[in-house]
Protein chains: 2
Amino acid sequence: MPSNPSKPTDSELEILSFLWQHGPSTVRQVHDFLAKTKEAGYTTTLKLMQIMQEKGLLSRTEEGRSHIYTAQVSEEETQQSLLGRFVETAFRGSAAQLVMQALGTHQTSAEELDEIRQLLDNLENNR
Amino acid sequence: MPSNPSKPTDSELEILSFLWQHGPSTVRQVHDFLAKTKEAGYTTTLKLMQIMQEKGLLSRTEEGRSHIYTAQVSEEETQQSLLGRFVETAFRGSAAQLVMQALGTHQTSAEELDEIRQLLDNLENNR
DNA sequence: TTGTATCTACGAATTTTTTCGTACACCTTT
DNA sequence: AAAGGTGTACGAAAAAATTCGTAGATACAA
């Protein structure tokens, strides 16, 4: 586990996000997906992924003519790290404040709310 | 209310955060505070705040020789905007997922937990 | 009045992130 | 074999964010 889950940039996060969802992929696959919502050339995505590989965020193996990239940082680990930073900078360290706002304005299903409630119970019991 | 709560950068957020907490302040006050945790020259902070003023993030009034800066975007509004973006990019749009992680790993007092529980109740009732 | 401190203004250098053009290799089809 | 499509490599431009040096104004103390 890397001691420093170096903060990915927004662009890098988009790529990681795709890889977390779809597993090891080629640049083409990643790019075609990103291109749906984003204006960017193929070589831009390629370069980005190459750089991420140099940084250790991705690894790759050759597969015929192309390369297959794999995320080298886990989704949870990265979320955790980003979340910590975010709570700190945007919510002055108050996780509760963030939770309140998130619940207040974002769609959440009844099941999810129950899950959260259960988590709250656990937290209070283990106090 | 600005229709575009233009995303502040991390540095800008640090400054906004201070102003939200302490109210209208001079560059000196902001800088002295930031300097405790950050390595940066006075003119760097000054320039940053001048740019933020040009962008409309801050306003200022002259007060003798120095200027007093005031945040022109509210804390809630900004948090909301950043949160939305963050949920999207880091948590694939799942606010519940973010909430779970936040509660799981960040310190939260019993009072805060109760507050959250109450919010949950409200949400379920108004469904 | 001569320094010293403290302010703003502002151009510009630096650093980081993002983007892309071009070269070249390899396959497949004509 | 030539042409067209699809890859990677890589330098470098462009854009964005951050940093700082220097100049000039003003107050205040020695």
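How big is the C-alpha Rg of chain B next to the rule-of-thumb value 2.2 N^0.38 Å, as a ratio? Provide the component values of the computation, followed by the final result.
On the way: Rg = 18.1 Å, N = 127, 2.2 N^0.38 = 13.9 Å.
After normalising by residue count via 2.2 N^0.38 Å, the value is 1.30.
Normalised radius of gyration (Cα atoms, divided by 2.2 N^0.38 Å) for the protein assembly as shown: 1.17. Put the Cα centre of the range B:83-99 next to the Cα centre of the range A:76-127 and the gap is 10 Å.
Placing dummy labels 7 Å off each Cα toward the beta-carbon, the span from B:D121 to A:T105 is 2.6 nm. Each of B:K38 and A:K7 was given a label point 7 Å from its Cα along the Cα-to-Cβ line. The distance between the two points is 1.0 nm. Each residue, B:S94 and B:E63, gets one label point 7 Å from its Cα in the Cβ direction; the gap between the two is 4.7 nm.
Computed packing ranks the peptides B:19-25, B:88-94, A:95-101 as A:95-101, B:88-94, B:19-25, most packed first, by mean other Cβ atoms within 10 Å. Over chain A, with every protein chain in place, what whole percent of the accessible area is carbon and sulfur at 1.4 Å, could you tell me? Carbon and sulfur together cover 46 percent of it. Filter A:K38/B:K7; A:K55/B:K7; A:K7/B:K38 down to the pairs with a C-alpha to C-alpha distance above 24 Å, please. In this structure, A:K55/B:K7 lie more than 24 Å apart at Cα.
The values are calculated or read from the model by the stated rules, or taken from the named source; none is laboratory data. Keep in mind the model is a prediction, meaning the values are calculated, not measured. Glycine also receives a Cβ, built like all others from the backbone with ideal geometry; neighbour counts cover every protein chain displayed. Side chains included, ligands, DNA and RNA excluded: accessible areas come from the protein's heavy atoms. Shrake-Rupley method; radii C 1.70, N 1.55, O 1.52, S 1.80 Å.
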